[in-house]
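A short worksheet on the structure shown next.
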Amino acid sequence: SENKQARLRSTLAMDHKQAEFSTTISVSSRGPSNLAVVKYWGKRDFDLVLPINSSLSATIHLDTLCSSTTIEANQSFQRNEMWLNGKEESFLQPRLQRCIQELLSRAQDLKNDSNIIVKKSEWKNFKLHIRSSNNFPTAAGLASSASGYASLTKCLAELFCVKEEFDGELSTIARQGSGSASRSLDGGWVKWNKGELSNGIDSFAVQIASDEYWQEIRLLILVVNTHKKKISSTSGMQTSVETSDLLKFRAEKIVKQRILEMEKAILDRNFEKFAELTMKDSNQFHAICADTFPPIYYMNDVSRRIVNFIHDQNRDRIKAAYTFDAGPNAVLFVRNDDIESILTALFEEFPPSNRNRESIISDSLSLLNVAFLKSLKCIPSSAQHNPDLPIDAIQSITVTKVGPGAEITSTHQFS
């Protein structure tokens, strides 16, 4: 209860030397995933995670895809521990350690009114128990590392009472855990500047438009495979940097102008231009993967069929845009007015089995019309008439929208 918390804070403030060995301080947070429409692929500095080009993304709503983190700090814990999705992980991972040390070096006093509960110099004596979980598959081409490190950075900064000295400072720390995590601290539409300095201080993320700015945009996340990919993003992009001439050309000649055009399309709410740029950038990213030696193929046959499907849908006018990260799963951007026609066409082109029909769509934000949802589930499967149509090629469809950035859900609880 609040009264109990107040008493504990008061006790700690009056005599924290006496209470420090038995009191646990906990903080919780959530971090969203994000979807790059101008892709990040390749580091110029592996240790500091400095990219060879800038990138731009949409933050996916927290209530759809997120990582949740709880950190407990106590001086009497025997050791530091870390769990991901209930499984113990090494606490000595270099990127995890870098994030912790960066935030520890910025720690401030924890105060109760004017009383100091924990001095900033004492935080280094605390052991940490970190528990993190994703509400979506890890390492299946959905940005779980982005949401995970954004949530972790937000949580550690809150625990250690860190205050940003400049806008985007926390993103420079999240970046060192996972490059794309820098873009998940903010909501809406976010640009990660590649920066020029060797120490990385100018490689940070900034919001270019809030999640409220372009409200008609909807996202459809089409999962075609939940298995862990054979070649991780970290490994794949390093091979691309070493072997792909196309990657160098893109970074030097294309991305700067494309970012400017993408920013303008978003700020103008110009869906046609936005869609064209998004699809071209996705295609170019996967062309770079194919240009890598040996080549990397993240998309599969169903992925390519989705690409062809969208171009068929866009024949008369642009209704949807596809993009694929380092995996076979597609994300479609559509305007709210077109979402029903696109979903109907998807069900006809990629029919779900009768067993999967009731559960294939996830709409936790209630963005779809209930009557439409009911009618969608009644579309007869055409698969028995056309054996070329794969049953359950798309395993799930998640309907969502652009949302807010990482958030604190519980702060400085004492037990």
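The values are calculated or read from the model by the stated rules, or taken from the named source; none is laboratory data. Only a predicted model underlies this, so the values are computations on that prediction, with no experimental measurement involved. Here Cβ is always computed from backbone atoms with ideal geometry, including for glycine, and neighbour counts include all displayed protein chains.
For this structure, a couple of remarks:
- Taking the range 235-248 as the range and being out of contact with any helix residue (DSSP H, G or I) (no Cβ under 9 Å at 6 or more places or on another chain) and polar (S, T, N, Q) as the test, the residues that pass are S235, Q238, T239.
- Residues of the range 306-330 classified as more than 25 Å from the chain's Cα centre (by Cα) and not aromatic (F, W, Y), total: 9
For (1) closer than 16 Å to L35 by Cβ; (2) surrounded by 16 or more Cβ atoms within 10 Å (Cβ to Cβ); (3) without any contact (Cβ under 8 Å) to a residue 40 or more places away in the chain, each residue gets a yes or a no:
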residue: S203; (1), (2), (3): no, yes, no
residue: S210; (1), (2), (3): no, no, yes
residue: I217; (1), (2), (3): yes, yes, no
residue: T226; (1), (2), (3): no, yes, no
residue: K230; (1), (2), (3): no, no, yes
residue: S235; (1), (2), (3): no, no, yes
residue: T243; (1), (2), (3): no, no, no
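- The range 189-226: number of residues that are part of a loop (DSSP other than H, G, I, E, B) and farther than 25 Å from G42 by Cβ: 9
- Count - residues of the range 375-415 that are charged (D, E, K, R) and modelled with pLDDT of 90 or more: 2
- Candidates in the range 264-318 are the residues that are assigned to a loop (DSSP other than H, G, I, E, B) and of a type in the set (V, I, T); of these, the one that is surrounded by the fewest Cβ atoms within 10 Å (Cβ to Cβ) is I318.
- Residue in the range 93-107 that is assigned to a strand (DSSP E or B) and in the same structural domain as G31 (by TED's automatic domain parsing) present: no
- Test: residue in the range 123-142 that is in a helix (DSSP H, G or I) and either at positive phi or aliphatic (A, V, I, L, M) (or both): no
- N134 meets all of the listed conditions (1) in contact with a helix residue (DSSP H, G or I) (Cβ under 8 Å, 6 or more places away or on another chain); (2) at pLDDT 95 or above; (3) of a type in the set (S, T, N, Q) but one, namely (2).
For (1) farther than 30 Å from E263 by Cα; (2) without any contact (Cβ under 8 Å) to a residue 40 or more places away in the chain; (3) over 20 Å from the mean Cα position of the chain (by Cα), each residue gets a yes or a no:
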site: I60; (1), (2), (3): no, no, no
site: R98; (1), (2), (3): yes, no, no
site: R106; (1), (2), (3): yes, no, yes
site: F126; (1), (2), (3): yes, no, yes
site: F136; (1), (2), (3): no, no, no
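- Scope the range 349-376; condition surrounded by 14 or more Cβ atoms within 10 Å (Cβ to Cβ) and either in contact with a strand residue (DSSP E or B) (Cβ under 8 Å, 6 or more places away or on another chain) or assigned to a helix (DSSP H, G or I) (or both); matching residues: E349, N356, R357, I360, I361, S362, D363, L365, L367, L368, L373, L376
- Residues that are β-branched (V, I, T) and over 16 Å from the mean Cα position of the chain (by Cα), drawn from the range 197-241: I201, I208, I217, V224, T226, I231, T239, V241
- So S341, is it modelled with pLDDT of 95 or more and more than 22 Å from K280 (Cβ to Cβ): yes
- Filter result for A265 (farther than 22 Å from I394 by Cα and in contact (Cβ under 8 Å) with a residue 60 or more places away in the chain): no
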